[in-house]
Structures are given as structure tokens and as C-alpha cells.
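Presented below is the structure to which this report refers.
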Amino acid sequence: MDNFAIIQALCRAAMTDPTPAVRKQIERLRDQLQAQGDKKSAAALTRILRAADRTDEMAPSRITQSRTQFAGEQLTAKTLPPVDRETSTSLADIIFPTQLSSEAPLFNRALTEGIEVLLREWENAEALIAVGAPPPSSCLFFGAPGTGKTRLALWIAHQLGLPVVLARLDSLVSSFLGTSARNISNLFSFANRYQCILLLDEFDAIAKLRDDPHEVGEIKRVVNALMQHLDVRHALGLTVGITNHPQLLDRAIWRRFDAQIEIPKPDYDVRRAIAEQYMPPIEAPASHIAMLAWLTDSCSGAEVEMLVRAYKKEIAINPNASREFLHMLRRFATLNTGRVTEARKTLLLGNEDHLLQTLRSDIQLKLEDLGLIAGHDKSTVSRRLKQSAKGAN
């Protein structure tokens, strides 16, 4: 279809906030393209529709956040953040909802449903407070780096329409004796004054185990001060802590968080959805996306995104890249040994027929799909798989 790239971009923009009529017209266009034999364009529209469905699953049907849970003044662009008295450096960055992405992060179904429950509770805060069962006022997100913890916290802020006070831990922790605890006090006093989400990223930097023999008394005083301020803030506003190292947190810190949510590394289905989400405007074959998801076993979402970017760069500058897909992946695995499991790397760099047989078994790819991955036609793939099977017997 002429100018399909423009049509695809329009469809993607329309599906960010679709009406039933818009969705129906995109479905009609997809069906007509399919009937005309333009399977590639039809598949591109199908991916746009599926991506919108996943966002709808993640997002609450409506957000009518009760402001009674978040008392205080409204933050404005003219509001100055708190500063360190000795150095005058800012203790926090202020991020407003209009600066945040409305695109929901992608997680497995269990985690998605759990987040929906939290949003629903915040949405109905007044009713819950009336029966003496207020919604959580503090959450701790923990898990491996790159799994989407910070992205999730910022997306929640967007959904609730609340600005984020993002603590700058490099400024909070000072070399001056007693200053770190004072900075924490100033930060919480500021957050308690305004309607906001206080976001403590890399939380372990100020919430370390107090019985760690390697830590000095200053850190212990900081942790004690932190716990006191968390207790006070519990009734005033929403606090989110984020850590990649939950084992470093003081045990008493855990009790200060109503919700404690582990953000796992994505499974195959989520990795595939992440690859689809970040692939546009490149129209990659479904088999390539499936292969990218398979190769990134045990990777974080950020690492999947990085591989997708590498794929897009290759496609953009090399017209033969699609036919040299396996070669590109082998190069990636060689240059990113720490990001590809040894088992996947061995298969990728080993016998190609064995790799194709494994892919057919692991992710149920058809012969045509395997051909698009290996750069062969369907009959060649079929013959090689049969020969490989005979050799194995």
C-alpha cells in the first residue's frame, strides 16, 4: 500500500486514546489488507491493536483519585525544591504529571492485576477511609535492575495525576557530619507540605542495615531518622521506595511499607510484548520478534529494549539486515556475553540446524518463520530439519 508508513503512524496515534469507532475502522482496514494479500501491512495493524489492548488491561477504567488521601498544597512550576544548606544543591527534582508517559509498563498478568488493585484502592480512597481501611500510603518496589520499577512508579503518578518529588540521593548523603539526617528531614518536610508522590529511588543508599559492621555511626543515625520520617508521612501522602538490592535494607525499614512488590524479570510472553512495543516504526516479521524474545531469556525489560534498538539500527543502515538476521544476533551475543545466557549463546553460535530445531520446539515456529530467521526458503528449512533429525537418530 502506498504511504503505509504514514497510515500506520496515524493508526498508532489514534490508538493511544481510541474510541470504539476508531478501533472498528482500523480493524476494517486490516481485514481489507488481509483480503488483498498484503499480509505484512495487516500484521502491522494487528500489532498496533494488540499493543492497545495490553495498555487497556494495565490501565484502570477511570481515575477519580480522592484528594482527601493527599492533603496539602498544590505544587506549581514556581515551587522551589529543598536544598542542602552547605552546598545549595537541590535535594529533589520535581516532575509534573504532564511530563510523564501515559504508556503502561509491561508485566506478567499476576503483577498487572496486583497493580490494578492498588490503583482501584487509591481511586476509592474516600470509601475505604470511611470504613477504617485506608489504601496503602507507602510502596516498596524491589527487583533486578532494568525491570521497570522506576517506570512503574512514574506511570502510577501519571495515572493518579500527582507530581513526583524525586529524591536526589547524591545530594541527600553529605560528607558533613549530621547533614545527611538534616537533609532527609528537609526533604520529608517539603513532601509533607504538598500533594505529591515522594519517590526514593536507589533506596538502599540511605536505608542500609544498621548492624552492618562496615557502616559508620552516621549511616545508623540516617536510618533512624528515615524511619521516623516514614512513620510521620504515613498519614500524609504516598511514598514509593525503589531498590535493586533488597538484601541491604534494614529489617525495620520493610515494616514501614504497606505494599512490598517484587518486580520480576519478564517471561517470554512479556519479552515478546516489549519487543513489539519498541519495534515501531520498523515493521519486523513476527518470527524476528519471537526470536528476539527467545534470545533474551533471563534478561530484564531494559535489556530487551536495548536488543530491539540494535536490531532497528541494523535494519536502518543495512538493506540486507533482514536476510542476515542470525549473523546480526550472533554478533550481538558475542559483544554482550553478560546479557545472553550461556545456553542461548551456545545454540546461537553452534549448529544452525540444531538451532532451528530448538526454535521450532521451544516457541512453535512454522517452517516459513524459521526461513525468515535463517534466510532460507521453506523447502530448504524443511529438508535441513529432516536431515538433522535423521542424523540425530
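For the stretch 1-58, compute the orientation-averaged projected area of the C-alpha convex hull (one quarter of its surface), in nm².
Numbers: hull surface 14.5 nm².
Dividing the Cα hull surface by four gives the mean projection, 3.6 nm².
Once the Cβ-Cβ distance between Ala21 and Arg330 is put in as r, and R0 is 45 Å, what FRET efficiency do you end up with, to the nearest 0.05? Please report the intermediate quantities before stating the final value.
Numbers: r = 47 Å, r/R0 = 1.04.
The formula returns an efficiency of 0.45 here.
In whole angstrom, how far apart do the alpha carbon centroids of the stretch 221-288 and the stretch 316-393 sit?
Measuring centre to centre over Cα atoms gives 35 Å.
Count charges around Leu359 for me, please; just the other residues with Cβ under 14 Å from its Cβ, Lys/Arg as +1, Asp/Glu as -1.
Details: positive: Arg272, Arg344, Arg360, Lys366, Arg384; negative: Asp297, Glu352, Asp353, Asp362, Glu368, Asp369.
So the environment of Leu359 carries a net charge of -1.
Starting from one equal scatterer on each C-alpha and no solvent at all, send me the Debye-based log10 I(q)/I(0) for the stretch 191-301 at q = 0.13, 0.18, 0.19 Å⁻¹, two decimals.
-0.67, -0.88, -0.93
Work from the charge dipole of the chain (Cβ charges, +1 for Lys and Arg, -1 for Asp and Glu, about the Cα centre) and give the residue of Ala181, Thr19, Ala333 farthest towards its positive end.
Ala333
Quick one: putting +1 on the C-beta of Lys and Arg, -1 on the C-beta of Asp and Glu, what dipole do you get for the chain around its Cα centre, in Debye to the nearest 20? Provide the component values of the computation, followed by the final result.
Values: 48 positive and 46 negative charges, 169 e Å.
Once rounded to the nearest 20, the dipole reads 820 debye.
Could you check the spin-label model distance between Glu116 and Asp170? Points 7 Å from the Cα along Cα→Cβ, value in nm.
The two pseudo-label positions are separated by 4.0 nm.
Kirkwood Rh, Cα Rg: Rg to Rh for the stretch 80-138? Don't jump to the answer; show the numbers that get you there.
Values: Rg = 17.3 Å, Rh = 15.0 Å.
My calculation of the ratio gives 1.16.
Holding the Cα-Cα limit at 22 Å, pick out from Lys312/Lys378; Lys39/Lys378; Lys39/Lys265; Lys39/Lys313; Lys366/Lys386; Lys40/Lys265 the pairs that are longer than that.
Working: Lys312/Lys378 25 Å; Lys39/Lys378 17 Å; Lys39/Lys265 33 Å; Lys39/Lys313 24 Å; Lys366/Lys386 14 Å; Lys40/Lys265 31 Å.
Listed pairs above 22 Å: Lys312/Lys378; Lys39/Lys265; Lys39/Lys313; Lys40/Lys265.
Name the aspartates and glutamates eligible as straight-distance cross-link partners of Lys24: C-alpha to C-alpha under 20 Å, and not fewer than 8 places from it in the same chain.
Asp38, Asp53, Asp56, Glu57
Dividing the alpha-carbon Rg of the chain by 2.2 N^0.38 Å yields what?
Details: Rg = 25.0 Å, N = 393, 2.2 N^0.38 = 21.3 Å.
Compared with the compact-globule rule of thumb, the chain sits at 1.18.
I need the calculated FRET efficiency for the pair His354 and Ala13, taking r as the beta carbon distance and R₀ as 41 Å, to the nearest 0.05. List each step's numbers first, then the result.
Numbers: r = 43 Å, r/R0 = 1.06.
E(calc), rounded to 0.05, equals 0.40.
What is the magnitude of the charge dipole of the stretch 267-393 about its Cα centre, with +1 placed on the Cβ of each Lys and Arg, -1 on the Cβ of each Asp and Glu, and no other charges, expressed in debye to the nearest 20?
Values: 18 positive and 16 negative charges, 80 e Å.
Result for the stretch 267-393 is approximately 380 debye, rounded to the nearest 20.
Restricted to Cα positions, what overall size does the stretch 162-207 have along the principal axes? Three whole-Å values, descending.
33, 20, 14
From the P(r) of the stretch 67-262, can you give the percent of Cα pairs sitting at distances over 31 Å? Before the final figure, lay out the partial values.
Numbers: 2817 of 19110 pairs.
That fraction is 15 percent.
Cβ neighbours within 10 Å, averaged per peptide: list 104-110, 360-366 in order, most packed at the top. Let's see the in-between values first.
On the way: 104-110: 18.1, 360-366: 13.6.
My ranking of the peptides, most packed first, is 104-110, 360-366.
Go ahead and estimate [θ] at 222 nm for the chain from helices alone: -39,500 (n - 2.57) per DSSP H run with n ≥ 4, summed, over the residue count, rounded to 500.
-16500 deg cm²/dmol
What ranking do 246-256, 39-49 get when scored by the average of other Cβ atoms within 10 Å per residue, highest first? Could you put the intermediate results ahead of the total?
On the way: 246-256: 15.8, 39-49: 17.9.
Ranked by mean Cβ neighbours within 10 Å, highest first: 39-49, 246-256.
What's the ranking of 181-188, 78-85 by average number of surrounding C-beta atoms within 10 Å, highest first? If you can, show how the numbers build up before the last one.
Details: 181-188: 21.4, 78-85: 14.2.
In descending order of packing, they fall as 181-188, 78-85.
At 7 Å along Cα-to-Cβ for each site, give me the label-to-label distance between Asn108 and Asn244 in nm.
2.2 nm
Every read-out reported here was derived from the displayed coordinates using simple, explicitly stated rules and does not represent laboratory data. Because the structure is predicted, anything quoted here is derived from the model rather than measured. Methodologically, a virtual Cβ is constructed for each residue, glycine included, from the backbone with ideal geometry; neighbour enumeration extends over all protein chains shown.
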